[in-house]
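Step one of this worksheet: look at the structure below.
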Amino acid sequence: MSEQLYQRDVYGQALVKLGALDKNIVVLDADLSSSTRTNLFAKEFPDRFFNFGVAEQNMMATAAGLASCGKTVFLSTFAVFAAGRAWDQIRVSIGYNNFNVKIVATHAGITVGPDGASHQALEDIALMRVLANMNIIVPCDGPQTADAIVAAANTPGPFYIRLGRSKFPTIENKNEFKFGKAQVISEGDDVTIIACGIMVSEALLAVKSLAQKGIKARLINMHTIWPLDNETILMAAKETKFFVVCEEHNVIGGLASSVGEVVAENYPKKVIHLGIHNRFGQSGQPADLLKEYNLTSLDIEKAVLSNIS
Amino acid sequence: MENKQLSVKELEVKAKEARRLIIEMLAKAGSGHPGGSLSATDLVVALYFNILRFNPKDPQWPDRDRFHMSKGHCCPLWYAVLAQTGYFPKEELMTLRQLGSNLQGHPARMTAGVESASGSLGQGLSIGLGMSLAAKMDKKDYRVYVLLGDGESQEGNIWEAAMACSHFSCDNLCAILDFNGCQIDGKCEDIMGIEPLAAKWQAFGWHVIEIDGHDMRQILSAYEQAKTVKSKPTIIIGRTIKGKGVSFMEGVIGFHGKAPTKEEAEKALRELL
């Protein structure tokens, strides 16, 4: 069993490190700092932390004002409230201005668990992906969360970083994280499995099981959704037979759509979408929800087996 | 950079010129928002010529006072005053709303002197709050001014920001409310009542100054008073007339978002001589 970490813990710790190095970093939250873990930064740098109460729209536009004065702003709330509630503020005040605001949205996806549908963001990647200027990272585990935070701090412009609520198993032996460059976790030429976030660990289990059946699956961790690494996708299109794309997000507008768009335009191959199909989430334990919505390693394996010729 | 102080008479001349520029650029563009541009003219002209610290030759001067126009549709006024104060030539105003122009239909950062985009109402006071917090963190003494509309006060984001500016004791921030009483669909009180406005802002912890928004003496004294208020933000509520300065536009709802025709513009310009 590999190490299991909360991405938000790693996020909070990364902020504290960055805050010590760069006095220009300011952190905002909207009454969820103990859940998003920005409270770690607040404790260390109280003069550079602002809690906006339950008012996400104001927090988002205030971040733009701070950024207009040269601050690098990290702000957090749950993904439903960041991408959903304050979308227009992100669009006009952050995206259009191309300001240095890093939105780190926690509690994304179905694995939020018992809180249920209202709190399970299944649309946030789609909402952010349609905004010009918006960079998007979905780290696959704890350590990669720190990499994503550092990349966002060092890259000018707006970012949306999507984190989960539950503990994520750490994916061992990855290449070095490079913003905008996908990580090939396993090589293979039968099928390409592309995943992001917690689905990378599910996909890795599927890859191991498929290997025992003699199927060589290429696994790509697409941690950066925008700008998308078209090159790695198209190489896979040429070298493998079809794609299975896995995400705990609506199949419309997210990672599967992204891959489908690139493949359809440049090198048509079949792309199977494993995600949420026209449903809201519901209460339950994360593992049970992954089963209910057909997002387990077994579902991935099944999708590969039923499409391989 | 400290700007030369103008007399009340000189400010009135500048305001008249700004109104002419607004009419000219809107007539040329063939679309845009004259009503609210003309109602807020005196408030913004007085601010730029006598109150605001800035350097048009160095728009990014870190110690500049910040101005943001939250009611972004009134940017013809902003552009006119930016041209008057030397950010760009007045001839450029005639490119308003054209493809490739630096003067977009609603404010954008490509315009020299514009700090942030606006146009989707309700967000500007939050932008000002961010600027105010940055000044406090950096221990700078620049002040932040945000122009709000009265119809815009129906946006929830305004009141989230109002609460926060007061919570964070933003005494370096001054909001200016262009209270002309009209919005696109009619009179504010008929569409969605916003009164009692002064009492609302007071209840949110603000220092409130109510003035005639077309009286230069009252405007200047309100700005000076705002500078002396400690530990709370100030809002200057200026009672104004939509379309002020052009007889056939004054109080006429239809001129909220309709540019004058060539003939209307000529008539208006004669009145503004």
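Taking 0.36 nm per residue of separation and subtracting the Cα-Cα distance, what length does fully extending residue A:130 through residue A:176 add?
Values: separation 46, 0.36 × 46 = 16.56 nm, distance 2.80 nm.
So the extension gain works out to 13.8 nm.
Efficiency by 1/(1 + (r/R0)^6): what FRET value for residue A:118 and residue B:248, r their Cβ-Cβ distance, R0 = 60 Å, to the nearest 0.05?
After rounding, the FRET efficiency stands at 0.70.
Given N residues in region A:4-169, what is its alpha carbon radius of gyration divided by 2.2 N^0.38 Å?
Details: Rg = 14.0 Å, N = 166, 2.2 N^0.38 = 15.3 Å.
Ratio of Rg to 2.2 N^0.38 Å for region A:4-169: 0.91.
Rounded to the nearest 5, what % of the DSSP beta bridges within region A:183-307 are antiparallel ones? Intermediate results must be reported in sequence, preceding the final value.
Numbers: 3 of 17 bridges.
In region A:183-307, approximately 20 percent of DSSP beta bridges are antiparallel ones.
Can you pull the one-decimal nm distance between simple spin-label points at residue B:13 and residue B:266, each 7 Å off the Cα toward Cβ?
Result: 2.8 nm between the two label points.
Quick one: order A:200, B:246 by neighbouring beta-carbon count within 10 Å, fewest to most.
Details: A:200 28, B:246 24.
Starting with the residue having the fewest Cβ neighbours, the order is B:246, A:200.
Once you've got the GNM for chain A with C-alpha springs shorter than 10 Å, pick whichever of A:74, A:41, A:280 has the biggest mean-square fluctuation.
In this elastic network of chain A, the residue with the biggest mean-square fluctuation among A:74, A:41, A:280 is A:280.
Pick from A:70, A:253, A:275: which residue has the top mean-square fluctuation in a GNM of chain A where Cα pairs under 10 Å get a spring?
The residue with the greatest mean-square fluctuation here is A:70.
Based on the Cα coordinates of region A:183-307, what is the per residue volume of their convex hull in Å³?
96 Å³
In cubic angstrom, how much convex hull volume per residue do the alpha carbon atoms of chain A span?
118 Å³
Compute, for region B:137-241, the length of the dipole vector about the Cα centre, with Cβ point charges of +1 (Lys, Arg) and -1 (Asp, Glu) only. Units Debye, rounded to 20. Write out the running numbers ahead of the final one.
Details: 10 positive and 16 negative charges, 117 e Å.
In total the dipole reaches around 560 debye.
Could you tell me what percent of the DSSP beta bridges with both partners in chain A are antiparallel, to the nearest 5?
Just about 20 percent of them are antiparallel.
Taking only Cα atoms, what is the 0 to 90° angle, nearest 10, from helix A:255-266's long axis to the longest principal axis of chain A?
With both axes taken from Cα atoms, the answer is about 60 degrees.
Based only on Cα atoms, what mean projected area does the convex hull of region B:70-109 have, in nm²?
2.7 nm²
With 10 angstrom as the radius, rank B:150, B:215 by how many other C-beta atoms surround their C-beta, starting from the fewest.
B:215, B:150
How large are Rg and Dmax for the protein assembly as shown when calculated on the C-alpha trace, in angstrom?
26.9, 89
Among DSSP beta bridges lying fully in region B:8-271, give the percent that are antiparallel, nearest 5.
In region B:8-271, approximately 10 percent of DSSP beta bridges are antiparallel ones.
From Cα pairs below 8 angstrom and at least 6 apart in sequence, can you work out the relative contact order of chain A, rounded to a whole percent?
Reported as a whole number, the value is 18 percent.
Cross-link candidates for residue A:71: which aspartates and glutamates have Cα within less than 20 Å, leaving aside residues fewer than 8 places away along the same chain?
Those aspartates and glutamates meeting the cut-off are A:22, A:29, A:44, A:47, A:56, B:58, B:63, B:65, B:115, B:138, B:141.
Mind checking which lysines have their C-alpha under 17 Å from residue A:174, skipping anything on the same chain fewer than 8 residues away?
A:208
Report the far tail of the P(r) of chain B, meaning the percent of Cα-Cα pairs longer than 35 Å.
Summing the P(r) tail past 35 Å for chain B gives 9 percent.
Over region B:99-176, what is the relative contact order in percent, taking alpha-carbon pairs closer than 8 angstrom and at least six residues apart? Mind dumping the intermediate values first?
On the way: 83 pairs, mean separation 23.9, N = 78.
For region B:99-176, the relative contact order is 31 percent.
How large is the dipole of region B:1-125 about the Cα centre if only Lys and Arg carry +1 and Asp and Glu carry -1, each at its Cβ, rounded to the nearest 20 debye?
Details: 15 positive and 12 negative charges, 35 e Å.
About 160 debye.
In what sequence do A:241, B:230 fall when counting other Cβ within 10 Å, fewest first?
Exposure proxy ranking, most exposed first: B:230, A:241.
Before anything else, pin down the relative contact order of chain B: Cα pairs under 8 Å, at least 6 apart, normalised by residue count, whole percent. All intermediate terms of the calculation are to be shown ahead of the outcome.
On the way: 555 pairs, mean separation 66.1, N = 273.
Computed value for chain B: 24 percent relative contact order.
Hey, in the GNM for chain B with a 10 angstrom Cα cutoff, which one of B:23, B:241, B:184 fluctuates hardest?
Highest fluctuation among the options: B:184.
Only the coordinates and a few stated rules stand behind these numbers; no lab work does. Model, not experiment: these values are computed from the prediction. In this analysis, Cβ positions are derived from the backbone assuming ideal geometry, glycine residues included, and neighbour counts consider all displayed protein chains.
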